[in-house]
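Contents: one structure, followed by commentary.
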Amino acid sequence: MRIDVVTIFPDYLEPLRAALLGRAVDRGLLEVGVHDLRDWTHDVHRAVDDAPYGGGPGMVMKPQIWGAALDEVCPAGARLVVPTPAGRPFTQELAHAYAAEENLVFACGRYEGIDQRVIEDAARRMPVDEVSIGDYVLVGGEAAVLVIAEAVVRLLPGVLGNPVSAEQDSFSDGLLEGPSYTRPEVWRDLAVPDVLRSGNHALVERWRRDQALERTARRRPELLGALPEGSLDAADHAV
Ligand SMILES: N#Cc1c(-c2ccc3ccn(Cc4ccc(CN5CCCC5)cc4)c3c2)n[nH]c1N
């Protein structure tokens, strides 16, 4: 997979070359290109924004600059991903879909966002997704790209040391995962649940499933309602 990011703050994307993602790059599992949008400006001020038509707060990013940048950065077959507060929710399901792509290009907006015609024009040549990472307001798209990139790259074959954990992720079965524990057995008078030290794998599996159901019911009850028909068995209904 190759990820390209267009931004006015290239340094913000340095974490793409660190830790898990950096190791994926070093191992040839991932290519990363970060591009400064201002490289496509031609005025002395390197302006990328202008006042919004119709008035309103803040500035909007100019279409000409973005158009020239995306024309050059987007390879044939790329999917363009544009983080925006008005986007559709970025989910684990979308992370899996993106992990199957050869080329992802991220357009990081700032100010009040990017002129909508940039998205409309790009959609003439490639799939374009406007996505949001959550119901809160950021200052630009860069933090969202880091979140999305990490969620996607960890799913690539060979990236995670323990690939099973990607399948046992939260949300992989529609539930939040339950609590985890490691040594010591007692820490500050808090003991590890006995069942986890029982050696009875069936009991451990049942306990973990119950914990996941209880946690999901408490923190994200709407996920229970969204489970596919037949996801819960008789033992689950006992929780
Ligand atoms: N993913 C994601 C995001 C973002 C995000 C993503 C990309 C950009 C580019 C610019 N901004 C700043 C901004 C902030 C608020 C508004 C709304 N307007 C304000 C007054 C009238 C409406 C427009 C832009 C961005 C924010 N925020 N939250 C998420 N989950």
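The values are calculated or read from the model by the stated rules, or taken from the named source; none is laboratory data. All values derive from a computational prediction rather than experimental measurement. Quick reminder, even Gly has a Cβ in these numbers, built from the backbone with ideal geometry, and neighbours come from all protein chains shown. Only protein heavy atoms, including side chains, enter the accessible area calculation; ligands, DNA and RNA are left aside. Shrake-Rupley method; radii C 1.70, N 1.55, O 1.52, S 1.80 Å.
Please give the peptides 11-17, 198-204 ranked by average Cβ packing (other Cβ atoms within 10 Å per residue), highest first, as a rough proxy for protection. If you can, show how the numbers build up before the last one.
Working: 11-17: 15.7, 198-204: 10.9.
Answer by packing, highest mean first, reads 11-17, 198-204.
Mind putting a number on the dipole of the range 49-173 about its Cα centre? Charges go on the C-beta only, +1 for Lys and Arg and -1 for Asp and Glu, and I need it in Debye to the nearest 20. Can you show the working numbers first?
Details: 8 positive and 19 negative charges, 35 e Å.
Magnitude of the dipole: close to 160 debye.
Against the empirical 2.2 N^0.38 Å scaling, what ratio does the C-alpha Rg of the chain come to? Show your work: numbers first, answer last.
Numbers: Rg = 22.0 Å, N = 239, 2.2 N^0.38 = 17.6 Å.
Relative to the 2.2 N^0.38 Å estimate, the chain comes out at 1.25.
Taking the dipole about the Cα centre of the chain, with the C-beta of Lys and Arg at +1 and of Asp and Glu at -1, give me whichever of P89, M126, A202 is farthest to the positive side.
A202
Which sequence of F106, F90 reflects their accessible areas, 1.4 Å probe, from the largest down? Write out the running numbers ahead of the final one.
Values: F106 0, F90 35 Å².
Reading off the accessible areas and sorting them downward yields F90, F106.
Report P(r) for the range 168-237: all Cα-Cα distances, bin width 5 Å, range 0 to the bin holding the largest distance, values in whole percent.
Spelled out bin by bin, the range 168-237 gives 3, 15, 23, 23, 17, 11, 6, 2, 0 percent.
What residues have an amide H closer than 5 Å to that of M59, excluding those fewer than 5 places away on the same chain, when H is modeled at 1.01 Å from N in the peptide plane?
E112
Over all directions, how big on average is the projection of the convex hull of the alpha-carbon atoms in the range 45-108, in square nanometres? Show your work: numbers first, answer last.
Values: hull surface 23.6 nm².
Answer in nm², one decimal: 5.9.
Quick one: of the DSSP bridges fully inside the chain, what percent are antiparallel, nearest 5? Walk me through the numbers before you get to the answer.
On the way: 4 of 25 bridges.
Around 15 percent antiparallel, to the nearest 5.
No solvent, one uniform scatterer per C-alpha: report log10 I(q)/I(0) for the range 80-166 via the Debye equation at q = 0.13, 0.24, 0.25 1/Å, two decimals.
The Debye formula, applied to the Cα set alone, gives -0.43, -1.23, -1.30.
Counting only protein chains, not ligands or nucleic acids, how are E101, E214, E185, E229 ordered by accessible area (probe 1.4 Å), most first? Walk me through the numbers before you get to the answer.
Numbers: E101 40, E214 80, E185 100, E229 185 Å².
Correct descending sequence by accessible area is E229, E185, E214, E101.
How many angstrom lie between the Cα centre of the range 16-71 and the Cα centre of the range 89-127?
13
Mind giving me the FRET efficiency for D135 and E93? R0 is 22 Å, r the Cβ-Cβ distance, nearest 0.05 is fine. It would help to have the intermediate numbers written out before the result.
Values: r = 18 Å, r/R0 = 0.81.
Plugging the Cβ-Cβ distance into 1/(1 + (r/R0)^6) gives 0.80.
Per residue, how much accessible area does the chain have with a 1.4 Å probe, in Å²? Please list the in-between numbers first.
Working: 14060 Å² over 239 residues.
Solvent-accessible surface per residue comes out at 59 Å².
As a check on your grasp of the helix formula, calculate [θ] at 222 nm for the chain: sum -39500 (n - 2.57) over DSSP H runs of n ≥ 4, divide by the residue count, round to the nearest 500. If you can, show how the numbers build up before the last one.
Details: 9 runs with 78 residues, N = 239.
For the chain, the value works out to -9000 deg cm²/dmol.
Rounded to a whole number, what % of the accessible area of the chain do carbon and sulfur atoms account for, probe 1.4 Å?
Carbon plus sulfur share of accessible area: 52 percent.
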